[in-house]
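**Student:** For reference, the structure I am asking about is given below.
Computed from the coordinates by the stated procedures, all read-outs in this text should not be read as laboratory data. Here the structure is a predicted model, which is why all the values come from computation and not from measurement. Glycine gets a Cβ as well: all are built from the backbone with ideal geometry, and neighbour counts include every protein chain shown.
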Amino acid sequence: MKTRVTPDEILADHSPSIVDIANRLRSFIKTVMPEARELAYPGWHAIGYRHPKAGYVCGIFPMGNLVRLVFEWGVLLRDETGLLRPGGRQVKFVEFSDPTRGYRKMHWSGCCSKR
């Protein structure tokens with residue numbers, strides 16, 4: 001029985017557009033947080049990112065027709081553009097459904113920096 005799953009295996013059963021969105025987000029996260037470890041979380045059906053000092057920071061959650069980029073401590077992030085949606089008391093997320101739209105609207109420097 002296989003116990004480890006890769007991020008690519010998490011994406012394997014999704015449509016090409018969902019895989020494209022997820023891979024764009026993976027590239028972005030690796031660029032802005034190169035020290036983070038990328039891990040597959042099969043129980044959550046997600047690709048998560050753990051920072052050596054901060055712990056679990058965010059995750060990519062592919063779904064049927066969209067991808068959620070979920071920030072574990074989203075309530076601590078500035079959101080001057082209003083893109084973050086609430087996902088509970090501490091979690092916030094952004095949804096992506098079209099690989100050609102939405103990325104220019106993301107002002108990552110403001111969204112991902114602490115207040």
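**Student:** For His45 and Arg89, compute 0.36 nm times the residue count separating them, minus their Cα-Cα distance, and round to one decimal in nm.
**Tutor:** Taking 0.36 nm per residue and subtracting the Cα distance, the gain is 13.7 nm.
**Student:** How would region 1-103 be classified by its alpha-carbon gyration tensor: rounded, prolate or oblate, with rounded meaning a/c under 1.5 and the a/b versus b/c comparison settling the rest?
**Tutor:** Since a/c reaches 1.5 but b/c is at least a/b, the shape of region 1-103 is classed as oblate.
**Student:** So if each residue of separation counts as 0.36 nm, and I subtract the Cα-Cα distance between Arg24 and Lys53, what length gain in nm does that give?
**Tutor:** 8.0 nm
**Student:** While we're here: From the residues Ile29, Val19, Asn65, which one has its Cα farthest along the dipole of region 7-111 in the positive direction, the dipole being from +1 and -1 charges on Cβ of Lys/Arg and Asp/Glu about the Cα centre?
**Tutor:** So the residue we want is Ile29.
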